[in-house]
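**Q** Questions regarding the structure given below will be posed in turn.
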Amino acid sequence: MISTDGLLEKPVYTEKGILVGNVYDVILDFETGNVYGLLIKDTNMKVVGEGIPISIPFRWIKSIGDAILLLTFPEKVNLNRREQN
């Protein structure tokens, strides 16, 4: 079993081996006591537009070792910004 502290700073890769970024924090569901997801900051701009922070659902994780390998990940994540007046 891996502690939540053991996940911090681990690199996260897509199923195709592309680096998404490193784990910045773990998102917990306090009602169930389960890990909900991983917060990734300083993301790879090749797969995440503008390098924005993202949350990856824990159910997307295939394996955890020296790195985290995902089962699935969108080809490109883009932030849709609306102009604010």
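Every number here is computed from the coordinates shown, using simple stated rules; none is lab data. Given the structure is predicted, the values throughout are model-derived calculations rather than measurements. Reconstructed Cβ throughout: ideal geometry from the backbone, glycine too, with neighbour counts over all protein chains shown.
**Q** With a cut-off of 8 Å between alpha carbons and a minimum separation of six or more residues, what is the relative contact order of the chain in percent? Write down the numbers at each step before the final one.
**A** Working: 156 pairs, mean separation 21.8, N = 85.
Taking the mean separation of contacting Cα pairs over the length of the chain, I get 26 percent.
**Q** For Kirkwood radius over Cα pairs in Å, the listed values are (i) 13.4; (ii) 19.8; (iii) 12.4; which was obtained by calculation from the structure presented?
**A** After the calculation, the listed value that fits is (i).
**Q** Under a Cβ-only charge scheme (Lys and Arg +1, Asp and Glu -1), can you give me the dipole magnitude of segment 7-85 about the Cα centre, in debye to the nearest 20?
**A** Details: 9 positive and 10 negative charges, 54 e Å.
That gives a dipole near 260 debye.
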